[in-house]
1. Which one of 259, 279, 292, 274 is more than 27 Å from residue 309 (Cβ to Cβ), assigned to a helix (DSSP H, G or I) and more than 23 Å from the chain's Cα centre (by Cα)?
2. Out of 52, 35, report the one residue that is within 21 Å of residue 270 (Cα to Cα), modelled with pLDDT of 95 or more, touching a helix residue (DSSP H, G or I) at 6+ places or on another chain (Cβ under 7 Å) and not in a helix (DSSP H, G or I).
3. Can you pull out every residue in region 155-181 that is surrounded by fewer than 20 Cβ atoms within 10 Å (Cβ to Cβ) and under 16 Å from the mean Cα position of the chain (by Cα)?
4. Taking residue 173 as the residue in question, decide whether it is part of a helix (DSSP H, G or I), under 21 Å from residue 302 (Cβ atoms) and in contact (Cβ under 8 Å) with a residue 12 or more places away in the chain.
5. Between a first residue in region 35-54 that is crowded, with 24+ Cβ neighbours inside 10 Å and a second residue that is assigned to a strand (DSSP E or B) and modelled with pLDDT under 95, which pairs have beta carbons less than 6 Å apart while being 6 or more apart in sequence or on different chains?
6. Residues of region 81-93 being surrounded by 23 or more Cβ atoms within 10 Å (Cβ to Cβ) and either under 30 Å from residue 338 (Cα atoms) or within 13 Å of the chain's Cα centre (by Cα) (or both), which ones?
7. Would a scan of region 184-198 turn up a residue that is touching a strand residue (DSSP E or B) at 6+ places or on another chain (Cβ under 6 Å), under 28 Å from residue 282 (Cα atoms) and in a helix (DSSP H, G or I)?
8. Filter region 221-252 for residues that are in contact with a strand residue (DSSP E or B) (Cβ under 9 Å, 6 or more places away or on another chain), buried (at least 17 other Cβ atoms within 10 Å of the Cβ) and outside any strand (DSSP E or B) and give the result.
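The values are calculated or read from the model by the stated rules, or taken from the named source; none is laboratory data. The structure displayed is predicted, hence computed values, not measured ones. Because the Cβ atoms are built from the backbone with ideal geometry, glycine has one as well, and the counts that use them run over all protein chains shown.
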């Protein structure tokens, strides 16, 4: 299956290259950017991708056309990064957990439980020099990082009440492919199951997995509230995206086009992060109104118990992620797992 997938991507990339090569310069065809993502159009990422496409059309006067493909229409979770590197698509916004399997485990710092308590702490990293330095590590992989987009802070869900670590023991929970998330679940006594995002609803509805973790916007737009009886507003971890582009494609663009696209991305990022906060708040209310999922808000003691249970995950992965990086993040945010 892996060979067939790779072969399909190579063929798509070759056809795309040939099609581009045969367009005469005099035709002045618009530059096409295929922007693929795996979530619904009405999620924060989906809305931001469409907004970026609109800005680009306006600010380039139609010289650049961004074609957005949501909901895994082109590629699933496990395929999209390879598609970008091969040039089958030009732009993605994968979750930050995707860069660990690519060979850049530094990004898994974002997966560490409770490393950020709020958006102010988070944005010190994503808008600051640490975030920029992380993007530089993608360039040897043929990738240019353009921006960080928030999705939100994650909540646990299951078909049983969850409040404290003991409640999780023995559950099967879906995770993204991330060593940190695997350790997080095991620290709670959970059996983690790596699964593509597009397959989660079916897996929940059939009992292949018992629960998962998601920001409310993903939980609601993917209709997980229909197949999960409880949501714990744990806000234990961050789910964000990196908007990335194929480096060869990006470097080959005219300088003025690159500059304009960069300006559009700054504006789209402001929009993306504002809409993420708004959408998650709205979708929590939508889940409540559905009356299909009971929302549990932990008290201070329960939240502290969760933090203590998950603090060892930081030490488990410090060497692999980079202890210097973690210490730099802790200095910016004030978090100290040793003091819990």
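1. Working: 279 fails: more than 23 Å from the chain's Cα centre (by Cα); 292 fails: assigned to a helix (DSSP H, G or I); 274 fails: more than 23 Å from the chain's Cα centre (by Cα).
On inspection, the qualifying residue turns out to be 259.
2. On the way: 52 fails: not in a helix (DSSP H, G or I).
Testing whether each residue is within 21 Å of residue 270 (Cα to Cα), modelled with pLDDT of 95 or more, touching a helix residue (DSSP H, G or I) at 6+ places or on another chain (Cβ under 7 Å) and not in a helix (DSSP H, G or I) leaves just 35.
3. 177, 179
4. no
5. Close Cβ pairs satisfying both conditions: 44/151.
6. Passing the criteria: 92, 93.
7. For region 184-198, residues touching a strand residue (DSSP E or B) at 6+ places or on another chain (Cβ under 6 Å), under 28 Å from residue 282 (Cα atoms) and in a helix (DSSP H, G or I): present.
8. Applying the first criterion (in contact with a strand residue (DSSP E or B) (Cβ under 9 Å, 6 or more places away or on another chain)) to region 221-252 yields 222, 224-225, 228-247, 249-251.
Those left that are additionally buried (at least 17 other Cβ atoms within 10 Å of the Cβ): 222, 224-225, 228, 230-232, 234-247, 249-250.
Within region 221-252, 222, 224, 225, 228, 247, 249, 250 meet the criteria.
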